[in-house]
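Have a look at the structure below before the remarks.
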Amino acid sequence: MTIVGISTPSAATGRVIITKREILVGTVRRIGRNGPPYEVFGGVSETGDGKKQMRIHMIESDEDLDYPIEDILRDPLDD
């Protein structure tokens with residue numbers, strides 16, 4: 001799925017197209033409702049079973065991890 005947003009316009013249509021993954025970069029979320037906060041900072045990889053992951057930074061522990069995109073989309077934004 002693509003979403004029209006802020007990026008470089010397409011030469012053919014003049015519309016701007018960005019992906020869900022690009023929208024996630026820079027967001028701060030929590031693992032579950034009360035879990036630790038993390039920031040999504042990019043990089044997409046794929047697991048052996050074909051699931052896509054993004055690189056996240058765990059704010060409290062200062063760790064960088066790969067985390068499934070499905071989980072990122074379910075995790076609440078940190079207010």
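The values are calculated or read from the model by the stated rules, or taken from the named source; none is laboratory data. Being a predicted model, the structure only gives us computed values, none of them experimental. Quick reminder, even Gly has a Cβ in these numbers, built from the backbone with ideal geometry, and neighbours come from all protein chains shown. The area values use the complete protein model at the heavy-atom level, side chains included, leaving out ligands, DNA and RNA. Shrake-Rupley method; radii C 1.70, N 1.55, O 1.52, S 1.80 Å.
Considering region 23-48, and only residues there that are charged (D, E, K, R) and closer than 18 Å to Arg74 by Cβ, the residue that is surrounded by the most Cβ atoms within 10 Å (Cβ to Cβ) turns out to be Arg29.
Of the residues that make up region 39-53, is at least one modelled with pLDDT of 95 or more and outside any helix (DSSP H, G or I)? Checking region 39-53: at least one residue is modelled with pLDDT of 95 or more and outside any helix (DSSP H, G or I).
Restricting attention to region 15-32, the residues that are at pLDDT below 90 and assigned to a loop (DSSP other than H, G, I, E, B) total 1. Select from region 54-70 the residues that are out of contact with any Phe, Trp or Tyr (no Cβ under 7 Å at 6 or more places or on another chain) and in a strand (DSSP E or B) and list them in ascending order. Answer for region 54-70, where residues must be out of contact with any Phe, Trp or Tyr (no Cβ under 7 Å at 6 or more places or on another chain) and in a strand (DSSP E or B): Glu63, Asp64, Leu65, Asp66, Tyr67, Pro68.
Here Leu73 meets the list (1) loosely packed, with under 13 Cβ neighbours inside 10 Å; (2) in a strand (DSSP E or B) almost entirely, failing just condition (2). When region 54-70 is filtered for residues that are in contact with an Asp or Glu (Cβ under 7 Å, 6 or more places away or on another chain) and open to solvent by 50 Å² or more (accessible area, probe 1.4 Å), the ones remaining, listed by number, are Arg55, Ile59. Contact map, region 58-76: residues that are under 17 Å from Val44 (Cα atoms) paired with residues that are in a helix (DSSP H, G or I) and hydrophobic (A, V, I, L, M, F, W, C), Cβ distance under 8 Å, separation 6+ or inter-chain. Pairs shown: Ile69/Leu24; Ile72/Leu24; Leu73/Leu24.
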